[in-house]
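Enquirer: Attaching a single structure in C-alpha cells format; questions to follow.
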Amino acid sequence: MQWIIQFIVHHRNLSSLFLTVMLSLWMLSGSDARQAKIARTLTMTVFFPFQFTVAQVARARNIFAENRRLREELTSLRTSASFLEEQAAENERLRDLLGFRESLDYTLLPARVVAREPSQLYRSLVLNVGKNQGVDLYMPVVSKDGIVGRVVQVMRHISLVQVLQDPSARTSVMTKRTRSVGILETENGRDFFIRHRTHVDVQQGDTIITSGLGGIYPKGLVVGAVTTVREGVDPLFKKTLLEPSVDFDHLEELFVMQISPQWTVLRGELDSVEMEK
Amino acid sequence: MIGTALKWIAAFVLCLVLQTTLMPVVAVGGIAPDLIVVVLFFLAIRAGVMPGLYAGFLIGLGQDLYSPSLLGQSALAKTITGFFIGLFNEKVMRTDPVMKLILLVLSFMVHDTVFTVVTVIKTDASFPLVFSELFTRTLPRALYSVLIAAIVYAYDYFVKPGLNR
C-alpha cells in the first residue's frame, strides 16, 4: 500500500493527469442526464447575474447603431404592412373558401440572448425568459429568418437553448418544392447537410423547411436553401449541402414559440424510461 | 497563497462571463478570441503543471455545464492543455516571450484537437474534420487570442517596470 502512495507522490503530475482524464472520460461515457441537469442549473444560477450585467453593457454600446437600424426597419415594415394586410384579407377569404381552420394556435414570446456557450462550438445560448414567462421544455426558438433551436432547460427567469449548430442536434426537414423529407445534420456547426436518397429530386436553390415530423418544430418553418448537391460518393445517398437562413453568429432578439411538442402526452413515459437508464 | 488562488479564480470567472457575452460581439467571421485558454495559459506558465492541470479540469467542467450535450468534453481538452503548457514551459523554456506566444498557439492546437476528436467520436462525424478545423478555425482563433496575450506581455515588459520605478 505504501509503495502505491510513494509512487503516486513521486509521479504526482502524471497521477493527476491520469485522474482528471479518467474523470473526464467517465463523464463523457456515462451521461447521467439528471446529474448534469442539476450541475447546469447551479452554474447558470451562479453565472447569470454577472452575464446579465455584462450583456446590458454590451447592448448599451450598440444602442445608437441599433436605433438607426430599427428606424430603417420601421420604414420598410410600414411600407409592407399595408400590402400584407391586403394579402391577409385575401388569404382569409381563400381559407374560408377552402374550409380551413385558423391553425396558429401558439404565440411568439420575444426573448433576448444574454449568453452564448463559451467554446468554439456555439451549441447553446441562454435566453432571458423562463418558466415565469411561460417557456417550457422543447419549445422551438426562432428568429425573423428561420429556426434557431429548441429549449432544453428551463429555469424561472432564463432558459437554455440547443441551437441547430450542435452536432448532436437532428432536425427533420423537407424540400419545399418536392416535399422530400430528410434529416438536417452538421458535423462542425457550420456546414449543414441532408442525406437524400439518390433518386430524390433536389436542386440548388431549393428552400428547406421543417417537416413537422420530429414532433418539436411545426411544419413549414424556413431552415435554409440548398447550395450544393453532391452525388456519386455513395451509391444509395446524395449529400445536399445547405446554407441556413439564420446567421448564428449574430443572434440577439429571438422568439420562443409557445407550442408543446406533439409527443407531450408521452412525456411521462419518456421521463420514466430516462430515469431507468 | 490563498490570495493568489482567489485572484486566479476571479480571473477565470470574469473570463467565462466575458467569453459568453462580449466575445461573440468582437468575433470576426465567427472567429472570437478564447479568453479562457489564454488565462489557463498564463496560469500554467506562472504556477506550473499541477495548478494548470487542475485549473484546466475545473474550468473545462464549468464550460461543459453550459453545453446541452457532451459533459466532460471541455474538461478533457483543458486538462490536457493545462498539463501540456505547464510541462512544456517547465522542460523547454521559461523566459522568451516570443516562444511563449508560439506555445500559446500550440496550446490552441492541442486543445482543439482533443475537443474535435471527442466531437468526431461522439457524433460519428468524419475524421478529416479534425484537420480542417485546425486550419479553418483553430489557427485564426489562436492568432486572434495571441493579440490579447501580447497586450498582457507588453504590459509586463514595458509598462509595469516603468510603474515600479
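Enquirer: Can you name every residue in segment A:187-203 that is touching a helix residue (DSSP H, G or I) at 6+ places or on another chain (Cβ under 9 Å) and on the phi < 0 side of the Ramachandran plot?
Expert: Taking segment A:187-203 first, the residues touching a helix residue (DSSP H, G or I) at 6+ places or on another chain (Cβ under 9 Å) are A:187-190.
Those that are touching a helix residue (DSSP H, G or I) at 6+ places or on another chain (Cβ under 9 Å) and on the phi < 0 side of the Ramachandran plot: A:GLU187, A:ASN188, A:ARG190.
Enquirer: Shifting gears a bit: Filter segment A:250-261 down to the residues that are outside any loop (DSSP other than H, G, I, E, B) and modelled with pLDDT of 85 or more, then identify the one that is nearest to the other protein chains (Cβ to nearest Cβ). Full working, then the answer.
Expert: At the first step, the residues of segment A:250-261 found to be outside any loop (DSSP other than H, G, I, E, B) are A:250, A:253-257.
With the extra rule that they be modelled with pLDDT of 85 or more, the set shrinks to A:254-257.
On the way: A:LEU254: 14, A:PHE255: 19, A:VAL256: 16, A:MET257: 18 Å.
Once the filter is applied, the top-ranked residue is A:LEU254.
Enquirer: To continue, here is another question. Determine, yes or no, whether B:TYR157 is over 18 Å from the mean Cα position of the chain (by Cα) and either touching a residue at least 24 places away in the same chain (Cβ under 8 Å) or closer than 19 Å to A:MET22 by Cα (or both).
Expert: Working: over 18 Å from the mean Cα position of the chain (by Cα): yes; either touching a residue at least 24 places away in the same chain (Cβ under 8 Å) or closer than 19 Å to A:MET22 by Cα (or both): yes.
Yes: the conditions hold for B:TYR157.
Enquirer: Do any strands (runs of 3 or more DSSP E) lying entirely in segment A:123-183 carry at least 1 residues that are hydroxyl-bearing (Ser, Thr, Tyr), and which ones are they?
Expert: Working: elements: A:124-127, A:140-143, A:146-154, A:159-163, A:171-175.
Answer list for segment A:123-183: A:124-127, A:140-143, A:159-163, A:171-175.
Enquirer: Please specify each residue of segment A:130-141 satisfying the condition of being on the phi < 0 side of the Ramachandran plot and either of a type in the set (Gly, Ala, Ser) or crowded, with 21+ Cβ neighbours inside 10 Å (or both).
Expert: Hits for segment A:130-141 are A:GLY130, A:VAL135, A:MET139, A:PRO140, A:VAL141.
Enquirer: Further, regarding this structure: Tally up the residues in segment A:207-217 that are buried (at least 21 other Cβ atoms within 10 Å of the Cβ) and more than 15 Å from A:GLU185 (Cα to Cα), please.
Expert: Residues flagged as buried (at least 21 other Cβ atoms within 10 Å of the Cβ) and more than 15 Å from A:GLU185 (Cα to Cα) within segment A:207-217 amount to 2.
Results for (1) at pLDDT below 65; (2) over 30 Å from B:VAL117 (Cβ atoms); (3) in a helix (DSSP H, G or I), shown as yes or no for each residue.
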position: A:MET27; (1), (2), (3): no, no, yes
position: A:SER31; (1), (2), (3): yes, no, no
position: A:MET44; (1), (2), (3): no, no, yes
position: A:THR53; (1), (2), (3): no, yes, yes
position: A:THR75; (1), (2), (3): no, yes, yes
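Enquirer: Can you tell me which residue among A:ASP191, A:ASP247 is acidic (Asp, Glu), at pLDDT 85 or above, loosely packed, with under 12 Cβ neighbours inside 10 Å and within 30 Å of A:SER159 (Cβ to Cβ)?
Expert: Within the list A:ASP191, A:ASP247, the selection yields A:ASP247.
Enquirer: What are the residues in segment A:106-120 that are at pLDDT below 80 and more than 7 Å from chain B (Cβ to nearest Cβ), if any?
Expert: A:TYR106 - this is the single residue of segment A:106-120 that is at pLDDT below 80 and more than 7 Å from chain B (Cβ to nearest Cβ).
Enquirer: Residues B:GLY60, B:GLY48, B:GLY52: which one is under 15 Å from the mean Cα position of the chain (by Cα), surrounded by 22 or more Cβ atoms within 10 Å (Cβ to Cβ) and more than 8 Å from chain A (Cβ to nearest Cβ)? Spell out the reasoning first.
Expert: Details: B:GLY60 fails: more than 8 Å from chain A (Cβ to nearest Cβ); B:GLY48 fails: surrounded by 22 or more Cβ atoms within 10 Å (Cβ to Cβ).
When all the criteria are applied, what remains is B:GLY52.
Enquirer: What do you reckon, is B:PRO97 within 12 Å of chain A (Cβ to nearest Cβ), more than 28 Å from B:ILE121 (Cα to Cα) and not acidic (Asp, Glu)?
Expert: Working: within 12 Å of chain A (Cβ to nearest Cβ): no; more than 28 Å from B:ILE121 (Cα to Cα): yes; not acidic (Asp, Glu): yes.
So B:PRO97 fails the test.
The values are calculated or read from the model by the stated rules, or taken from the named source; none is laboratory data. Keep in mind the model is a prediction, meaning the values are calculated, not measured. Cβ sites come from the backbone with ideal geometry, for glycine too, and all protein chains shown count toward neighbours.
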